[in-house]
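The values are calculated or read from the model by the stated rules, or taken from the named source; none is laboratory data. These numbers were taken from a predicted model, which means no experiment stands behind them. Every residue, glycine as well, gets a Cβ built from its backbone with ideal geometry; the counts of neighbours run over all protein chains shown. Note: accessible area is taken over every heavy atom of the protein model, side chains too, but ligands, DNA and RNA are not part of it. Shrake-Rupley method; radii C 1.70, N 1.55, O 1.52, S 1.80 Å.
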Amino acid sequence: MFDRVTFIGIGLIGSSMARVMKRDGLAKTIVACARRKETLDTCLKLGIADEVTPDYAAAVKNADLIVIATPISTNGEIAKAIGPHLKPGAIVTDVGSVKQAVIDAVSPHIPKGAHFVPAHPLAGTEHSGPEAGFPELFQGRWCIITPLPGSDASAVQKVRDFWEKAGSKIETMQADHHDKVLAITSHLPHLIAFTIVGTADDLAEDLKQEVIQYSASGFRDFTRIAASDPVMWRDVFMNNREAVLEILQRFTEDLTALQRAIRRGDGEALQTLFARTRAIRRGVIDAKQA
Ligand code: NAP
């Protein structure tokens, strides 16, 4: 599929993609680029990269696919550094959890003749780094591609082909729509988890011990989400501000309504809501996203 693929950033997502490429023989040569020597050594040790370098320009030389898989806040600077070294026809793609901000930061640095195809695999775990990756991560999960107006059709198709090989289901949509959908399906749930776990952490020491001891009664599931990478999630909220604030406003109103129902002893309102939410879980299971 590709002669030379370069990963800039090769943690959970990048290394899982590299593993798919190795498993299915999709790239003749895989180059890994990261800041820390330890990360690069790990890639060689795991056999997920053939060549490694911390140098952006050297990393992208002659590459026909470049995957940017670093925290979103770094993407603009990385695009600026690699732009002048891209070969004609090179495809640059990314995996960022927010799309419009990444497009705004990266697009201006992609030279004429190279192609930028933004994408976001809706798959992940709370673990980070190249050792955390595995090739089945994307199996049966959605990958959303947000092509730019005038995107080269064959470049979009190549990115699509890769994600299909990875076992993903593909959807294309506008970047701003993606950001709204993800604000409710991913960003708000993470924010709630960070809040609940943070609230528990602020409790008095003896109470905190009990929260951990009895966490299986609900708290535990939030701790998994709240253990996600702090830098990645800082960047998500810094870069999808408007959509998150809008959905947070609605959530706050709904929370206030629930608060009122509890205070007034309105059991019917509570039961009606809980019955509705239980049915949503059924839909998630039926859609094989459980
Ligand atoms: P990760 O496991 O923490 O890996 C990040 C990688 O980026 C590491 O290899 C790190 O290298 C490298 N890096 C960081 N800053 C860099 C810089 N300035 N220059 C070069 N390399 C740099 O992160 P991840 O979970 O794979 O997430 C990567 C991207 O995927 C993010 O944009 C995120 O929004 C998106 N995403 C994540 C998930 C998820 O659940 N984790 C799901 C979908 C999409 P060093 O080791 O050298 O620091």
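For this structure, a couple of remarks:
- Taking all protein chains as they are arranged and a probe of 1.4 Å, the heavy atoms of LEU44 leave approximately 80 Å² accessible to solvent.
- Most mobile listed residue (ALA79, ALA63, ALA204) in the chain, GNM with C-alpha springs under 10 Å: ALA204
- Antiparallel bridge percentage (DSSP; both residues within the range 2-173; nearest 5): 10 percent
- Local electrostatic count at ALA101 - Lys and Arg +1, Asp and Glu -1, tallied over other residues with Cβ under 14 Å: -3
- Distances between placed amide hydrogens fall under 5 Å for LYS169 paired with GLY140, ARG141, TRP142, CYS143, all partners being 5 or more residues away or on another chain.
- Over the chain: helical MRE at 222 nm, DSSP H runs n ≥ 4 each giving -39500 (n - 2.57), nearest 500: -15500 deg cm²/dmol
- Sequence of MET17, MET238 when ordered by accessible area, the most exposed leading, probe 1.4 angstrom: MET238, MET17
- Antiparallel beta bridges, as assigned by DSSP with both residues in the chain, represent about 10 percent of the total such bridges.
- Rounded to whole Hz, the Karplus (6.51, -1.76, 1.60) HN-Hα couplings of the range 268-281, x for glycine and proline: 5, 4, 5, 5, 4, 5, 5, 5, 5, 6, 5, 5, 5, 4
- About its Cα centre, the dipole of the range 177-286 is roughly 420 debye, where the only charges are +1 on Lys and Arg Cβ and -1 on Asp and Glu Cβ.
- Solution diffusion estimate, µm²/s, Stokes-Einstein, the chain, Kirkwood Rh from C-alpha pairs, 25 °C, viscosity 0.890 mPa s: 119 µm²/s
- Per-residue 3J(HN,Hα) values for the range 20-27, derived from phi via the Karplus relation 6.51 cos²θ - 1.76 cosθ + 1.60 with θ = phi - 60°, read 4, 5, 5, 4, 9, x, 8, 9 Hz in sequence order (x marks Gly and Pro).
- Residue with peak Gaussian network fluctuation, the chain [Cα springs, cutoff 10 Å], from LEU188, LEU65, LEU255: LEU255
- Taking Cα centre as origin and charging only the Cβ of basic (Lys, Arg, +1) and acidic (Asp, Glu, -1) residues, the dipole magnitude of the chain rounds to 580 debye.
- Normalising the average separation of contacting C-alpha pairs (under 8 angstrom, six or more residues apart) by the number of residues puts the relative contact order of the chain at 16 percent.
- Above-threshold pairs, the threshold being 26 Å between Cα atoms, out of LYS28/LYS87; LYS45/LYS158; LYS61/LYS112; LYS165/LYS288: LYS45/LYS158
- The dipole here belongs to the range 1-89: it is taken about the Cα centre, uses +1 on the Cβ of Lys and Arg and -1 on the Cβ of Asp and Glu, and is about 60 debye.
- The spacing between the range 129-161 and the range 190-240, judged by their C-alpha centroids, is 30 Å.
- Element breakdown for the chain at a 1.4 angstrom probe: carbon and sulfur atoms account for 54% of the accessible area.
- Here's the picture: charge each Lys and Arg Cβ at +1 and each Asp and Glu Cβ at -1 in the chain, and of ILE285, GLY9, ALA200 the one pushed furthest to the positive end of that dipole is ILE285.
- Most mobile of ASP202, ASP179, ASP152 in a GNM of the chain (Cα contacts under 10 Å): ASP202
- The 3J(HN,Hα) values that the Karplus relation (6.51, -1.76, 1.60; θ = phi - 60°) gives for the range 194-207 are, in residue order, 4, 5, 4, 5, x, 4, 5, 5, 7, 5, 4, 3, 5, 5 Hz. Gly and Pro appear as x.
- Residues of the range 1-149: accessible area per residue with a 1.4 Å probe, Å²: 40 Å²
- Among residues other than PRO121 with Cβ under 14 Å from its Cβ, the summed charge is +2 (Lys and Arg +1, Asp and Glu -1).
- Other residues with beta-carbon under 10 Å from the beta-carbon of GLY9 carry, at +1 per Lys or Arg and -1 per Asp or Glu, a net charge of 0.
- Residue (of ILE212, ILE225, ALA257) at the positive-pole extreme of the range 177-286, dipole from beta-carbon charges: ALA257
- The range 2-173 - percent relative contact order, Cα under 8 Å, separation 6 or more: 23 percent
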